[in-house]
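Novice: My structure is below; once you've seen it, I'll send some questions.
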């Protein structure tokens with residue numbers, strides 16, 4: 001089964017190669033390839049050594065890259081801090097004061113008033129307790145019948 | 001008996017003589033990888049640069065290699081990405097790679113088949129130069145490395161049908177280019 005598949009695959013490879021070899025002979029293709037892949041004679045002996053050396057060498061570019069990132073962060077912080085400290089604050093205060101009443105949303109006003117009323121109610125209750133006046137409904141009804 | 005790629009990788013992943021094991025892998029696969037990069041039309045210095053970058057990436061990623069594919073497929077996939085990125089970067093920077101410089105000198109002693117053969121080779125090189133990078137890569141893997149389409153598809157992150165289409169497109173363009181000269 002496997003050998004059948006291999007044979008089919010080899011045939012298909014040959015067919016594919018023949019598409020080109022009908023125009024350019026196999027020998028010319030080979031020669032062209034030899035020309036293209038040529039390299040210095042001892043290149044492959046020294047190549048693994050070069051790679052291992054590069055693997056162990058700390059890369060200068062990474063230090064530069066890290067330094068670059070740090071300096072960008074520092075500049076950013078400096079600019080933000082500068083804006084915070086040196087921009088005139090009066091501008092923002094003036095902006096707050098100049099808000100017109102009609103610009104405040106109704107629900108915000110309602111919430112403020114309700115809150116204030118609740119505080120006022122609590123204050124009144126405390127006042128009543130401290131004076132000791134009894135305002136229970138039973139007493140009130142007696143008073144009225146008299 | 002020669003250890004298989006996978007047994008070498010297992011040794012690497014168990015931290016057993018990492019460098020020695022890695023060097024063995026390099027000795028085993030460096031030539032094919034370099035040739036494939038070179039066939040894409042890079043000068044020696046550029047091809048050397050790309051090949052080194054590929055192996056450095058392999059060193060960094062080999063601990064995570066899951067042995068789900070052949071090592072050579074994985075290596076060529078990294079090689080494919082690095083080469084295409086390198087060529088695109090060169091194009092962006094307005095630099096030309098070797099094929100752009102025109103043509104190698106075919107009238108040297110290496111050419112044994114006369115001036116007409118040299119002319120054909122010049123046309124072949126021009127024809128290959130005008131192929132899109134992916135088609136060029138697939139063509140070289142199929143024609144020169146004699147790889148099957150499953151492997152080519154895996155290397156170039158495409159389907160088997162896509163790889164076949166790339167090869168046939170490349171052949172068609174080369175046929176048109178050469179027959180029009």
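Please treat every number below as a calculation from the coordinates, not as lab data. Note that the coordinates shown come from a computational prediction; the quantities given were computed from them, not determined experimentally. So basically every Cβ, Gly included, is an ideal-geometry build from the backbone, and we count neighbours across all protein chains shown.
Novice: Please report, in cubic angstrom per residue, the volume enclosed by the convex hull of the alpha-carbon atoms of chain B.
Specialist: Residue-normalised Cα hull volume stands at 146 Å³.
Novice: While we're here: What FRET efficiency comes out for the pair residue A:103/residue A:83, r = Cβ-Cβ distance, R0 = 35 Å, nearest 0.05?
Specialist: 0.85
Novice: Among B:125-133, B:163-171, how do they line up from the highest to the lowest mean number of other beta-carbon atoms within 10 Å?
Specialist: Packing order, densest peptide first, comes out as B:163-171, B:125-133.
Novice: May I pose another question? Estimate the FRET efficiency between residue A:69 and residue B:57 by the formula 1/(1 + (r/R0)^6), using the beta-carbon distance for r and 22 Å for R0, to the nearest 0.05.
Specialist: For R0 = 22 Å, the calculated efficiency reads 0.50.
Novice: Further question on the same structure: At R0 = 22 Å, how high is the FRET efficiency between residue B:119 and residue A:27 if r is their beta carbon distance? Nearest 0.05 is fine.
Specialist: Details: r = 15 Å, r/R0 = 0.69.
With R0 = 22 Å, the Cβ-Cβ based efficiency is 0.90.
Novice: Against the longest alpha carbon principal axis of chain B, how many degrees, from 0 to 90 and to the nearest 10, is the axis of helix B:133-143 turned?
Specialist: Approximately 80 degrees, to the nearest ten.
Novice: On to the next question. Put a dot 7 Å past each Cα toward the Cβ at residue A:110 and residue A:9; how far apart are the dots in nm?
Specialist: 7.7 nm
Novice: What is the extension gain from residue B:32 to residue B:160, computed as 0.36 nm multiplied by their sequence separation minus the C-alpha to C-alpha distance, in nm to one decimal?
Specialist: Length gained between residue B:32 and residue B:160: 43.9 nm.
Novice: Now, a different point. For segment B:165-180 and segment A:12-63, write down the distance between their C-alpha centroids in whole Å.
Specialist: Answer, in whole Å: 23.
Novice: In degrees from 0 to 90, rounded to the nearest 10, what is the angle of the helix B:114-129 Cα long axis to the longest principal axis of chain B?
Specialist: That works out to roughly 60 degrees.
Novice: Still on this structure, please answer the following. What does the average come to when, for each residue of peptide A:41-52, you count the partner chain Cβ atoms lying within 10 Å of its Cβ?
Specialist: 5
Novice: Turning to a different aspect of this structure: Students often check this: by mean Cβ neighbours within 10 Å, which of B:4-15, B:41-52 ranks highest, and how do the rest follow?
Specialist: B:41-52, B:4-15
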